[in-house]
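The values are calculated or read from the model by the stated rules, or taken from the named source; none is laboratory data. Source: prediction; values computed, not measured. Reconstructed Cβ throughout: ideal geometry from the backbone, glycine too, with neighbour counts over all protein chains shown. Calculation scope for accessible area: heavy atoms of the full protein, side chains included, ligands and nucleic acids excluded. Shrake-Rupley method; radii C 1.70, N 1.55, O 1.52, S 1.80 Å.
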Amino acid sequence: MSRPTIAGVARVAGVSVASVSRVLNGLPATDEMVERVQRAVEQLGYVPDARARSLKVGRTFQLTLAVADVGNPVYVTMMRAVEEVVSAAGYRLVVTTTGPDVVDEVALVRGMARGYADGLVISPLRVDDDLIKSIRECDVPVVVAGNVPSSAGVDTIRANSPKGMLLAVGHLVSKGRRRIAFVNGPVDTVPGAARAKGFTEAMKANGLQPVAQVEAIDFTFAAGREAARELLSGVGSTDGRRSARAGLPDAVIAANDLLAVGLMHELAADGLEVPKDVAVVGMDDSELAEQSFPPLTSVNLGSAERGRRAAELLLARIEDDTRTPRRIVVQPTLSVRRSTP
């Protein structure tokens with residue numbers, strides 16, 4: 001049995017091949033025309049040839065999402081949101097990882113010139129002048145899910161980490177916690193810098209000084225455990241119960257959920273109970289927060305919303321590259337669970 005063709009769709013619909021092509025490519029057409037073509041497509045079981053379509057209209061109908069670590073739950077949430085939006089618009093989504101190095105981020109952006117995708121959403125872990133330059137000069141539209149200077153002239157969607165830190169510290173203070181420590185990721189990264197600044201400002205706003213601040217080597221579970229060991233080694237010796245250890249914080253905020261869960265594992269290994277001895281708050285409110293034990297209180301930085309908005313910005317940029325760049329900030333909320341009292 002031969003494969004249905006666009007000419008066959010045109011015959012069944014009683015329209016021209018050009019009209020069928022307009023409808024299938026999403027170009028303006030009357031409601032009646034769209035209905036006739038769609039009915040014929042369904043009747044024949046016609047599937048467009050994506051390769052031929054790409055050659056004809058000069059598009060691949062493929063978009064790329066680039067993140068630092070595809071294994072991080074927050075990026076998985078973002079990916080699902082991006083995919084939902086772009087697939088509804090007729091695009092496939094390709095997800096790739098850049099790793100932590102800005103050199104690799106730059107290489108990926110410059111590689112877009114090879115024409116394997118019509119646009120890029122990138123969530124860079126680190127940003128420098130070379131990356132900004134490559135984004136500005138990229139051959140396809142780029143949307144940044146993160147923070148770059150407004151002078152970059154690019155559509156951006158970012159979280160409000162400082163406000164998220166204010167929610168976290170305020171919650172702990174309302175529960176009577178005053179000796180608050182912070183486990184951050186690398187401060188030379190976009191999220192690390194934003195959350196360090198936010199933590200300092202939030203503590204100052206509540207009239208507090210940090211008990212300790214520890215910088216993990218990255219934003220992973222293993223790095224969280226290692227940072228927790230460093231934190232606990234600096235709080236003095238045990239005097240009776242471990243919770244009475246000199247200098248022990250009564251609460252710790254971690255820069256993401258992976259660090260927070262690694263921290264909780266290490267606290268348990270050291271004989272400390274969460275939240276009885278130490279309350280713990282994460283950031284990102286990923287699926288991991290609900291799956292941890294105890295379930296983790298976490299700041300929701302709107303990863304799904306950022307993904308949706310980034311995809312919408314990219315589709316709009318593809319259709320009209322003359323638009324004024326937009327800079328959108330997604331506001332955080334706090335999801336309270338059993339890791340805080």
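General observations
- 5 angstrom amide H check on Q213, placed H, neighbours 5+ away: F182
- For V278, the amide hydrogen comes within under 5 Å of the amide hydrogens of E273, counting only partners 5 or more places away or on other chains and with H modelled in the peptide plane.
- Derived scalar couplings ³J(HN,Hα) [region 42-47; Karplus, 6.51 cos²θ - 1.76 cosθ + 1.60; whole Hz; x for Gly, Pro]: 5, 5, 8, x, 6, 10
- Computed with a 1.4 Å probe over protein heavy atoms only, the accessible surface of region 182-341 comes to 43 Å² per residue.
- GNM top mover of T30, T96, T322 - the chain, alpha-carbon springs below 10 Å: T30
- For the chain, the fraction of 1.4 Å probe accessible surface lying on carbon and sulfur atoms is 51 percent.
- Here the gap between T30 and D128, fully extended at 0.36 nm per residue and compared with their Cα-Cα distance, gives a gain of 30.5 nm.
- J(HN,Hα) series, region 310-320, from Karplus relation 6.51 cos²θ - 1.76 cosθ + 1.60, nearest Hz, glycine and proline x: 4, 5, 5, 4, 5, 4, 5, 5, 5, 6, 8
- Zero-based 10 Å bins, Cα pair distances in the chain, whole percents: 5, 23, 26, 18, 13, 8, 5, 1, 0
- Packing-based ranking of 65-71, 325-331 yields 65-71, 325-331, ordered from highest to lowest mean Cβ neighbour count within 10 Å.
- Counting only protein heavy atoms and a 1.4 Å probe, region 31-168 has 48 square angstrom of accessible area per residue.
- What the phi angles of region 87-101 give under the Karplus curve with 6.51, -1.76 and 1.60, with θ = phi - 60°, is a coupling list of 5, 5, 8, x, 10, 8, 10, 10, 9, 9, 10, 9, x, x, 8 Hz, glycine and proline written as x.
- Near the amide H of Q62, within less than 5 Å, lie the amide hydrogens of R92, D118, all on another chain or at least 5 residues away, with H placed in the peptide plane.
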